[in-house]
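What follows is calculated from the coordinates using simple rules that are stated; it is not laboratory data. Note that the structure is predicted; figures quoted are calculated from it, not measured. When we count neighbours, we look across all protein chains shown, and the Cβ atoms used for this are built from the backbone with ideal geometry, even at glycine.
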Amino acid sequence: MTTHAAVVTVGIKKPLEIRQVPTIKPEGDEVRVRVEWTASTPLDLHQNDSGLLVKHPQVLGDGTAGTVVEVGPDAKRLRVGDKVFGFTWRSQQEKAHQEFCTTNEWLLAKLPEGFTLAEAVTLPNNFVTVFHALTVDLGLELPWPKPADYVPKDAEEAILIWGGASSVGQYAIQILHYYGYINIFATASKKHHNKLRAYGAKWTFDYRDPHAVSSILNTATLVGKKPGVPLILDCIGSKSGSISPIAKMAKRGATVAILLPVVVKDSSETEDPEYEMDVRKAAQWDEEVDARGVRTHFYLDNEFFKHHLQPDIMPMMLTEKIVEPNAQRLIEGKTMLERAQAAMDALRRKEASGERLVWRVSDESD
Ligand SMILES: NC(=O)c1ccc[n+]([C@@H]2O[C@H](COP(=O)([O-])OP(=O)(O)OC[C@H]3O[C@@H](n4cnc5c(N)ncnc54)[C@H](OP(=O)(O)O)[C@@H]3O)[C@@H](O)[C@H]2O)c1
């Protein structure tokens, strides 16, 4: 059996290790990719530091970017040598933090000209999360292709992106702006406000400002017809840091989509984390507020998204400059294990602000 190196969790809050895992030959429409770049995400930290949804040893990572090295007999779009990127998460064989990932070709996009793999790998997880959360949880239509004269039904209502500087938040603002939403509100540290305004946020607020909630409510009253803020995407999911203020702004009839898990207590070098999966229990919600937990892992239930979101829409939006990649913080290290561990440590120290932690996976890439 051929094997390759993978980075694995071995226990709660334990240092990562390298294990040899089977190299899977692609079948059907699968392809095998030499993983060259990945982006670490908070889910890696949740999984390593609490065991959330994992059984150790577990290969981590859901953002894959690299080169196709082998194709299955039914693969139609991809060829050996293609540079690709995608959100791949369902099983050990397609996780990202290993030298080779074997996955279906419809989870991968071809890298458009003019972009690096390190830039492109900031998209997949976040891009898919935005489409899934906005359509399934907030009930918005995001037609593709977008008709030239498309105007969304609630184009002028206030829509709040809490955590606009997070990776998901940055793509959410850019995508909502593209679809014609006018009154996009965003919370972020002040240093990110200009960038988020350039992406399409009309109103920006500092979430550390003790008056943020009243300022948002006052502005929302001026722009919309509905009470409070009728549509809210919480890209942070922190019980005290985002859900508690959001619950004060969501009035009867509002829909709130919260990225799971609810972080009751963040992991740090000295504290163990606590998570919760029921958003209804995370705050005292007004009557008739529809608060929902976002689960991007179900996005394949939508047949159109399954076949088009990653292979077609994602690279097209990059090429057309509808979205720009997140800024990247390059994580250095002599080996794959050192880079993976450095990224995990940076996540635990909450070092990423408005940027994605990206690192080279396989040492054998071109
Ligand atoms: N359930 C799902 O389907 C799903 C999918 C994707 C992500 N998630 C979850 O969503 C969360 C965010 O993921 P991500 O990758 O987008 O995170 P990220 O990019 O690592 O988030 C970092 C940003 O969070 C912002 N932030 C931290 N605390 C905040 C607060 N209280 N209010 C507003 N902004 C705050 C910081 O903003 P400033 O720089 O402005 O201070 C920082 O830039 C994670 O818990 C992740 O696991 C869930």
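Viscosity 1.306 mPa s, temperature 10 °C: Stokes-Einstein D of the chain from its Kirkwood Cα radius, in µm² per second? Don't jump to the answer; show the numbers that get you there.
On the way: Rh = 20.9 Å.
For the chosen part, D equals 76 µm²/s.
Lysines near residue 25 by alpha-carbon distance under 16 Å, same-chain residues fewer than 8 away left out - which ones?
Straight-distance partners of residue 25: 95.
Taking every DSSP beta bridge with both residues inside the chain, roughly what % is antiparallel (nearest 5)? Can you show the working numbers first?
Working: 34 of 59 bridges.
Roughly 60 percent of the DSSP beta bridges within the chain come out antiparallel.
For the stretch 249-320 and the stretch 1-39, what is the centre-to-centre distance using only Cα atoms, to the nearest Å?
27
Along the charge dipole of the chain, which of 81, 178, 68 sits closest to the positive end, that is, farthest toward it, with unit charges on the beta carbon of Lys, Arg, Asp and Glu (+1, +1, -1, -1)?
Checked the options; the winner is 178.
Pull up the cross-link candidates among the lysines for residue 202, meaning alpha carbon to alpha carbon under 25 Å and not fewer than 8 places away within one chain.
146, 153, 190, 191, 225, 226, 248, 251, 321
In the stretch 126-297, if the dipole is taken from +1 on Lys/Arg beta carbons and -1 on Asp/Glu beta carbons about the Cα centre, which of 296, 193, 241 is farthest to the positive end?
Highest projection toward the positive end goes to 193.
Just subtract the alpha-carbon distance of residue 191 and residue 149 from 0.36 nm times their residue separation and send over the number in nm, one decimal.
Details: separation 42, 0.36 × 42 = 15.12 nm, distance 3.46 nm.
Roughly 11.7 nm would be gained on extension.
Using amide H atoms built in the peptide plane, which far-off residues or other-chain residues are under 5 Å from residue 160 H to H?
185, 231, 232, 233
Check residue 291: other-chain or 5+ apart residues with amide H under 5 Å from its amide H, H built from backbone geometry?
256
So what is the calculated 222 nm ellipticity per residue for the chain, using -39500 (n - 2.57) for each DSSP H run with n of 4 or more, over all residues, to the nearest 500 deg cm²/dmol?
Details: 10 runs with 84 residues, N = 366.
For the chain, the value works out to -6500 deg cm²/dmol.
Given Cβ point charges of +1 (Lys, Arg) and -1 (Asp, Glu) and nothing else, what value in debye, to the nearest 20, does the dipole of the stretch 1-149 about its Cα centre take?
Numbers: 15 positive and 19 negative charges, 81 e Å.
I would put it at about 380 debye.
Through the Karplus equation 6.51 cos²θ - 1.76 cosθ + 1.60, θ set to phi - 60°, convert the phi angles of the stretch 100-105 into ³J(HN,Hα) values in whole Hz; use x for Gly and Pro.
Karplus-based 3J(HN,Hα) across the stretch 100-105 equals 10, 10, 10, 8, 6, 5 Hz.
Could you pull out every residue, at least 5 positions away or on a different chain, whose amide H is within less than 5 Å of the one on residue 329? Hs are placed 1.01 Å off N in the peptide plane, and Pro or chain starts have none.
356, 357, 358
Using a Gaussian network model on the chain with a 10 Å cutoff between Cα atoms, which of 145, 73, 273 fluctuates the most?
With Cα springs under 10 Å in the chain, the top fluctuation among 145, 73, 273 is at 145.
Can you compute 3J(HN,Hα) from phi for each residue in the stretch 29-35, using the Karplus curve 6.51 cos²θ - 1.76 cosθ + 1.60 with θ = phi - 60°, rounded to whole Hz and x for Gly and Pro?
Once rounded to whole Hz, the list reads 9, 7, 9, 10, 10, 7, 7.
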